[in-house]
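Asker: Have a look at this one before I ask anything.
The values are calculated or read from the model by the stated rules, or taken from the named source; none is laboratory data. Remember, predicted model here, so these are calculated numbers, not experimental data. Here the Cβ positions follow ideal geometry from the backbone for every residue, glycine too, while neighbour counts run over all protein chains shown.
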Amino acid sequence: MSDAENSLAALVRAEVERQMSPFQLMAVDSVSDDGTVNLAWGEAIINNVPANVSYNPRAEGDVVLVLNHPAGWRVMDKIGNPVEIDVPEPIDLEFGPPNPGGNYVQAAAVWVQEGRLYVQTGEGPPPSPEDPPSPPKASKPKPVTLDPSSRQGYRSGRKDSQRIAQGASPSYPKAWSAIFTFGNRIAAACNGKTVDTMQIRVARTSKPHGTSKKVKPKLGLHDETSPPSSTPSLSNKWDGPGLGFGSSKWITIPSSQAAKLASGAMKGIGISAGVSNSTYLIATSGSGEVRITFK
């Protein structure tokens, strides 16, 4: 064979040997709520892989060592650099007979306060007490978490309770949308307060649908206090971060949209997308919670 053919054969042989190895390095694509992880191996996504207890905490982007054994793939642990611990500079503390000589200064008295040691080296009064504590700051209002009054799916222009979803697979060309309603409770929770952050939780089912890769929730606002009979329109739209099978995230609502919800100009949130495997997302019943923090 020619040199080029030999080189190609060597590359193919090395790749086959790599894939036959029981151990592989992979990246965590997303983390499922049940503790399993979805792994990226080249262009492929391997879903719902269990992990050793030692691999904790688990996060997207981690590079992990994965074992392929008869029962399937299993994450052994994260691959990373050891943690460096900052150790404070030591000081010398010696005990001995009087008159140590050298550059030592004799202490006139030793004063002790909780967590502090003061050595008086000359004549004079003891150290002054600490400044009086500052008056306590006004406490912030406690965070609020609101469950939706209802979760309603729509398809073909009318209510469809089969699922809470956005978009559809091309094999089911009629797209779904869904809304989460709260009545007037979001505005009531924000009345007289300054909103710091407002988030909505979206959870993707672990059941296969659309693509196994991450799908971004396509979110928008609506002005319905309860689900209407026909598909409501969504405005002020934005995209959330991608969700893998079985994963969920608290998605930050942009400040302009959060202000509309806090004022009562808009009443709730929904999801909607066109027909495509890359945008098709089925949500679980835990989706739609709104969490608000205040300044």
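Asker: Run down Val119, Val110, Val144 and say which single residue is modelled with pLDDT of 85 or more and aliphatic (A, V, I, L, M).
Answerer: On the way: Val119 fails: modelled with pLDDT of 85 or more; Val110 fails: modelled with pLDDT of 85 or more.
Exactly one residue qualifies, and that residue is Val144.
Asker: Taking the condition modelled with pLDDT of 95 or more and either farther than 19 Å from Asp147 by Cβ or buried (at least 22 other Cβ atoms within 10 Å of the Cβ) (or both), does Ile282 pass? I'd like the intermediate steps shown before the answer.
Answerer: Values: modelled with pLDDT of 95 or more: yes; either farther than 19 Å from Asp147 by Cβ or buried (at least 22 other Cβ atoms within 10 Å of the Cβ) (or both): yes.
Yes; evaluated as a whole, the condition is true for this residue.
Asker: Also, I was wondering about something else. I'd like the residue in region 208-242 that is over 18 Å from the mean Cα position of the chain (by Cα) and acidic (Asp, Glu) and, out of all such residues, is nearest to Ala259 (Cα to Cα).
Answerer: The qualifying residue nearest to Ala259 (Cα to Cα) is Asp223.
Asker: Could you please tell me which pairs satisfy a Cβ distance under 9 Å, a separation of 6+ or placement on different chains, a first residue in region 26-42 that is over 11 Å from Glu60 (Cα atoms), and a second residue that is of a type in the set (Val, Ile, Thr) and part of a loop (DSSP other than H, G, I, E, B)?
Answerer: Close Cβ pairs (under 9 Å, with a partner that is of a type in the set (Val, Ile, Thr) and part of a loop (DSSP other than H, G, I, E, B)) amount to Asp33/Thr284.
Asker: Which one of these does Pro126 not meet: (1) at pLDDT 85 or above; (2) in contact with a strand residue (DSSP E or B) (Cβ under 7 Å, 6 or more places away or on another chain)?
Answerer: All conditions pass for Pro126, except number (1).
Asker: While we're looking at this one, here's another question. Against the definition (more than 21 Å from the chain's Cα centre (by Cα), hydroxyl-bearing (Ser, Thr, Tyr), in a loop (DSSP other than H, G, I, E, B) and within 22 Å of Val215 (Cβ to Cβ)), how does Ser278 come out, yes or no?
Answerer: Numbers: more than 21 Å from the chain's Cα centre (by Cα): yes; hydroxyl-bearing (Ser, Thr, Tyr): yes; in a loop (DSSP other than H, G, I, E, B): yes; within 22 Å of Val215 (Cβ to Cβ): yes.
The answer is yes for Ser278.
Asker: Might you check whether a residue that is part of a loop (DSSP other than H, G, I, E, B), under 19 Å from Ala175 (Cα atoms), assigned by TED's automatic domain parsing to the domain that holds Ser161 and modelled with pLDDT of 95 or more occurs anywhere in region 245-261?
Answerer: Taking region 245-261 as the starting set, the residues that turn out to be part of a loop (DSSP other than H, G, I, E, B) are 245-247, 253-254.
With the extra rule that they be under 19 Å from Ala175 (Cα atoms), the set shrinks to none.
No, region 245-261 has no match at all.
Asker: Would you say Arg18 is under 30 Å from Ser278 (Cβ atoms), modelled with pLDDT of 70 or more and charged (D, E, K, R)? Before you say what the answer is, go through the steps one by one.
Answerer: Details: under 30 Å from Ser278 (Cβ atoms): yes; modelled with pLDDT of 70 or more: no; charged (D, E, K, R): yes.
No: the conditions fail for Arg18.
Asker: Of all residues in region 166-189, count the ones that are surrounded by 23 or more Cβ atoms within 10 Å (Cβ to Cβ) and among the hydroxyl-bearing types (Ser, Thr, Tyr).
Answerer: 1
For every residue, the table says whether it meets (1) part of a loop (DSSP other than H, G, I, E, B); (2) of a type in the set (Ser, Thr, Tyr); (3) touching a Phe, Trp or Tyr at 6+ places or on another chain (Cβ under 7 Å).
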| residue | (1), (2), (3) |
| --- | --- |
| Gln152 | no, no, no |
| Arg163 | yes, no, yes |
| Pro173 | yes, no, no |
| Ala178 | no, no, yes |
| Ala189 | no, no, no |
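Asker: While we're on this one: Please go through region 191-213 and pick out each residue that is surrounded by 14 or more Cβ atoms within 10 Å (Cβ to Cβ) and either in a loop (DSSP other than H, G, I, E, B) or touching a helix residue (DSSP H, G or I) at 6+ places or on another chain (Cβ under 6 Å) (or both).
Answerer: Lys193, Val195, Met198, Thr205, Ser206, His209, Gly210, Thr211, Ser212, Lys213
Asker: Follow-up. Return the residues of region 224-244 that are more than 19 Å from Ser161 (Cα to Cα) and either outside any strand (DSSP E or B) or without any contact (Cβ under 8 Å) to a residue 40 or more places away in the chain (or both); say none if nothing qualifies.
Answerer: Just the residues of region 224-244 that are more than 19 Å from Ser161 (Cα to Cα), to begin with: 235-244.
If the condition is that a residue be more than 19 Å from Ser161 (Cα to Cα) and either outside any strand (DSSP E or B) or without any contact (Cβ under 8 Å) to a residue 40 or more places away in the chain (or both), then Ser235, Asn236, Lys237, Trp238, Asp239, Gly240, Pro241, Gly242, Gly244 are the ones that fit.
Asker: Output the number of the condition that Ser248 fails; it satisfies all remaining conditions of (1) buried (at least 22 other Cβ atoms within 10 Å of the Cβ); (2) in contact with an Asp or Glu (Cβ under 7 Å, 6 or more places away or on another chain).
Answerer: Going through (1) buried (at least 22 other Cβ atoms within 10 Å of the Cβ); (2) in contact with an Asp or Glu (Cβ under 7 Å, 6 or more places away or on another chain) one by one, Ser248 breaks only (1).
The rows are residues; the columns are (1) within 29 Å of Phe245 (Cα to Cα); (2) modelled with pLDDT under 90; (3) not in a strand (DSSP E or B); (4) not assigned by TED's automatic domain parsing to the domain that holds Gly242.
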position	(1), (2), (3), (4)
Met1	no, yes, yes, yes
Glu5	no, yes, yes, yes
Ala9	no, yes, yes, yes
Ala27	yes, no, no, yes
Ser30	yes, no, no, yes
Asp33	yes, no, yes, yes
Leu39	yes, no, no, yes
Ile46	yes, no, no, yes
